[in-house]
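Q: One structure follows; several queries about it will come next.
The values are calculated or read from the model by the stated rules, or taken from the named source; none is laboratory data. Quick caveat, the model's predicted, so the values are computed rather than measured. Cβ placement follows ideal geometry from the backbone for every residue including glycine, while neighbour counts extend to all protein chains displayed.
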Amino acid sequence: MDNRLVLLTALLVTLSWMSAGTYVQGAVTTAAPNGTTAAPNGTTAAPNGTTAAPAVTTAAPTAAPAVTTAAPTAPAVTTAAPNGTAAPNGTAAPNGTAGTNGTAASNGTTAAPAAPAVTTAAPLKPNSTVTELTTPINRTDCGSGQLCAAAPPSCDPSTGGECFFLSAKQMSGRNFEFELSGQSDGYIAATLSLDSTLGGNDTTYVCANNNGVVKFIGAVLDNDVLTKKTLMVNSVKGKIAGKKIQCTFSATVPAQTARAFQTAIGISNGTYDSTAETLGKPIQRFTSGVVDLGNANANVTNVITSHAITIQQSLSLALLFTVGVLGLTVL
């Protein structure tokens, strides 16, 4: 009886141990194995024996990339330099300042055109030696190749009639070629005045009859008096036929203070004492207003002729009035 109780007790103990081992084994199965990462915080654990679903994290939508709109570039304005020359390296002058030499100004401002180049030439070296003039002076190139002044108007110095004549042709800068012709027993002269009035120390070129040959004399005219002065003149040629004196020469004309080559022209004649080498008072045969000496097409008018016509008309009217009054008195 006691042995059976012992056996029964042993059997119950064995069964209890077996039941306890099964429970422990199930618990180990349910727990996450060693080295397995636990579910993240806030994630609900799966039921025993069930593998937990991985947490799904919804990412925030990516922000759209910033779009930068570039300001439209103003089209470059290229200003052509004078004479078709491009501005150097396309450099714009700063702060809208007009560029030099055709450089475009900034801010779309057109650059100021460069001043035109002024042609200069060295003054002629004085040499008043006169050689023979073999070709008669004429008016063939008047109005096309040279400026001409004449009294009477349009007279031809190559003919036998009385003609006081001067032509001027620009060589370069202030250097000109002149032709002078007229009738005199003493001298003929051409005067250039920087204003409209002859006689204020004005440059005068004189060709005198020195015992049958031409003598060139430089002078200035002041209050109807000619005073000798060395002028920048050379290449003088001359010829005398009876009372006709003709000469040609090259000269550097007086400097201008305002407008280039604006001068009044005078042609005169007078007496010459070859022994004392003195010049008499000039008698004006031609006087112009201010003209452009370098313009071959310039209209050169003799104001002396205009004055003479006005005086003649006045005398004629006075004479006619006097005759009319006398006629009425007789009646």
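For every residue, the table says whether it meets (1) touching a strand residue (DSSP E or B) at 6+ places or on another chain (Cβ under 8 Å); (2) surrounded by fewer than 22 Cβ atoms within 10 Å (Cβ to Cβ); (3) free of Cβ contacts under 8 Å to residues at least 60 places away in the same chain.
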{"site": "Ser181", "(1), (2), (3)": "yes, no, no"}
{"site": "Asp185", "(1), (2), (3)": "yes, yes, no"}
{"site": "Ile188", "(1), (2), (3)": "yes, no, no"}
{"site": "Gly199", "(1), (2), (3)": "yes, yes, yes"}
{"site": "Ala208", "(1), (2), (3)": "yes, no, no"}
{"site": "Asn211", "(1), (2), (3)": "no, yes, no"}
{"site": "Met232", "(1), (2), (3)": "yes, yes, no"}
{"site": "Ser250", "(1), (2), (3)": "yes, yes, no"}
{"site": "Gln262", "(1), (2), (3)": "yes, yes, no"}
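Q: May I pose another question? For the structure I just gave you, tell me whether Cys142 is surrounded by fewer than 19 Cβ atoms within 10 Å (Cβ to Cβ), modelled with pLDDT of 95 or more and farther than 15 Å from Asn269 by Cα.
A: Judged against the criteria, Cys142 is not a match.
Q: Something else: Give segment 176-197 a look and list any residue that's at pLDDT below 95 and in contact with a Pro (Cβ under 8 Å, 6 or more places away or on another chain), or say none.
A: Leu194, the sole residue that qualifies.
Q: Only residues that are farther than 20 Å from Val300 by Cβ and part of a loop (DSSP other than H, G, I, E, B): list them for segment 180-206, please.
A: Those that are farther than 20 Å from Val300 by Cβ and part of a loop (DSSP other than H, G, I, E, B): Ser184, Asp185, Gly186.
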